[in-house]
Amino acid sequence: MKEPALRGKVPSTATARLGTRRKAELGARGPRLGAMRIYIPATTADLGSLTISARIVHAATPALAQEVADDDRDYLEAIAFNAAADDSLDRIAATLAGRLVIPGQESPRYRRVVIAADVKDTELVPVDAAEAAALFLPADTAAAQLPSALAMPVALSWEQVAAFHVDSWEAEKDVQLVVEADNAPDAGDAAFARLAAADLLWYDVSERLDAAVELGAAFRA
């Protein structure tokens, strides 16, 4: 098992542990022909939305390969996936604190969500592009982004999604501890370490609405 190079420049959860199960955990099928697989940090509230709003996403970019001095695709995608999982925590915290408001969305549950989607290169821009400026979470900057980061400046259709991944219910307490770490930093650090070792559950995109209802992000008529 490889360990990521240059800790602090790649997400601390970025190990290659997902690489051996990539077809199951990172999307049941690979990217569509001519498309790039991206990993979108999300919250449970996103599962009930008609589209996935513009935001910073992660992918197995050339910059990431250069940063970790490795071009193994499964390894790079595992890093990108885990970067999105880390960013999901930030989105949960920002939403619950009122720093990130998406009209019409319910409050998220304490579970990380990562959405795996296939897009064209032209649908993404570098994080230092002008179109990316409005997509950062409060207090975040282009300079602080990981080399896996790209900006998705327009909303994405669920038709472009291959799969999504959600924490199991057992992770909720640890997610809450991380999100509220300002109140108990040591407990937050320990919880983050446990989350780093935990796998998110894989769902086919056809299960989105059922999951949204179960997680309180949507309601049946």
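None of the figures in this text is laboratory data; all of them are computed from the coordinates on show. Only a predicted model underlies this, so the values are computations on that prediction, with no experimental measurement involved. Don't worry about glycine lacking a Cβ; one is built from the backbone with ideal geometry, like all the others, and counts go over all protein chains shown.
Overview of values
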read-out	value
Value of D in µm² per second that Stokes-Einstein yields for the range 36-215, Kirkwood Rh from Cα pairs, at 4 °C (1.567 mPa s)	79
In Hz, Karplus ³J(HN,Hα) per residue of the range 142-158 (6.51, -1.76, 1.60; θ = phi - 60°; x = Gly, Pro)	4, 5, 8, 6, 6, x, 7, 7, 9, 9, 9, x, 10, 5, 10, 7, 5
Linear extension gain, Ala142 paired with Glu180, 0.36 nm per residue minus alpha-carbon span	11.2 nm
Rounded to 5, percent antiparallel among DSSP beta bridges of the range 36-215	100
R0 of 45 Å, Cβ-Cβ distance Ala35-Ala190: FRET efficiency to nearest 0.05	0.70
Kirkwood Rh, Cα atoms: Rg over Rh of the range 89-179	0.97
Separation in nanometres of the label points that stand 7 Å from Cα toward Cβ, at Glu172 and Thr122	4.4
Nearest-0.05 FRET efficiency for Ala133 and Glu207, computed from C-beta distance (R0 25 Å)	0.10
Other-chain or far-sequence residues with amide H under 5 Å of Leu100's (modelled H)	Thr95
